[in-house]
Amino acid sequence: MKLAPSLLASDLSDLMGALDLCKAGGADLIHFDVMDGHFVPNLSFGIPVLECLAKRTEIPIDVHLMVSNPGRLLGDYLDAGANWVSVHWEAAPHLDRLLDQIRSAGARAGVVLNPATPVEVLVDCLGSVDFVLLMSVNPGFGGQSFIPYVLDKARRLRKMIDHRGLDVEIEIDGGVDKSNIRQVVDAGVDICVAGSAIFRAADPVAAMGELRRRGLNKD
Ligand code: DX5
Ligand code: ZN
């Protein structure tokens, strides 16, 4: 299991401090949520912030684009140092082209599905992605509750991937905490994003350790 702390829940006045916590906690990826106030109601951070952070960490940055028309600035996110980039299926009518663009830039290409979008829409393009990000909350805000039916989506997606012998990772995002991470991993998820469960904990480094232990069935 990989752990991807979501910076959205960190102290935004101290993003460098958040990167240090991620390093100390052994984060596998740093989850960077881009919100445009259009595809989702909220705004977060964009290209200049990504550019600064990418220069300050060795940990790969996982850019989750919650934006309408993701193709418009995709090249700029890639140039700014995104190592993993995911675009929402719901926002990308020309998804195949965007996935190609991400991979051509040497980054890992992902597609994101909102909770209500069935995994079966990926039947044709699954071979063109490196990872699928399943939203387990409706995107736009941190600190929401995990939607349990997404576990069944993860199980169905795992079957689709394994049945075809593909090398595609499943990531999940939203409401993941120590109470549900074991179920999430058991459902076939490889990468867990966690915002509040890490950065709102009294000790974020210890929280990362506990999530990892519980996810790996070690207590
Ligand atoms: C929600 C974002 C998430 C968010 C997760 O739209 O995509 O990455 O930061 O935060 P938690 O873990 O608090 O639900
Ligand atoms: Zn996210």
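The values are calculated or read from the model by the stated rules, or taken from the named source; none is laboratory data. This one's a predicted model, so the numbers in the text were calculated from it and none came from an experiment. A quick note on method: Cβ atoms are made from the backbone with ideal geometry, for glycine too, and the neighbour counts reach across all protein chains shown. These accessible areas exclude ligands, DNA and RNA; they are computed on the full protein's heavy atoms, side chains included. Shrake-Rupley method; radii C 1.70, N 1.55, O 1.52, S 1.80 Å.
Points worth noting:
- For the stretch 137-219, the list of chymotrypsin sites (Phe, Trp or Tyr not before Pro) that fall in a loop by DSSP and count at most 16 other C-beta atoms within 10 angstrom reads 141, 149.
- Accessible surface of the chain, 1.4 Å probe, proportion on carbon and sulfur as whole %: 50
- Charge dipole (debye, nearest 20) of the chain; +1 at Cβ of Lys and Arg, -1 at Cβ of Asp and Glu: 460
- Inter-probe distance in nm under a simple model that places probes 7 Å from Cα toward Cβ, at residue 38 and residue 160: 2.7
- Peptides 183-193, 152-162 ranked from most to least packed by the mean count of surrounding Cβ atoms within 10 Å: 183-193, 152-162.
- Gyration tensor (alpha-carbon) shape descriptor, the stretch 1-143, a/c threshold 1.5: prolate
- Packing, as the average of other Cβ atoms within 10 Å across residues, places the peptides 170-182, 112-124, 72-84 in the order 170-182, 72-84, 112-124, highest first.
- Heavy-atom surface of the chain, accessible at 1.4 Å and reported per residue (Å²): 44
- If R0 is taken as 25 Å, the Cβ-Cβ distance between residue 145 and residue 203 corresponds to a FRET efficiency of 0.65.
- Placing a label point 7 Å from the Cα of residue 123 along the Cα-to-Cβ direction, the residues of the stretch 76-106 whose backbone N falls under 20 Å from that point are 89-90, 93-96.
- In this calculation the C-beta distance from residue 68 to residue 23 is compared with R0 = 41 Å, giving a FRET efficiency of 0.75.
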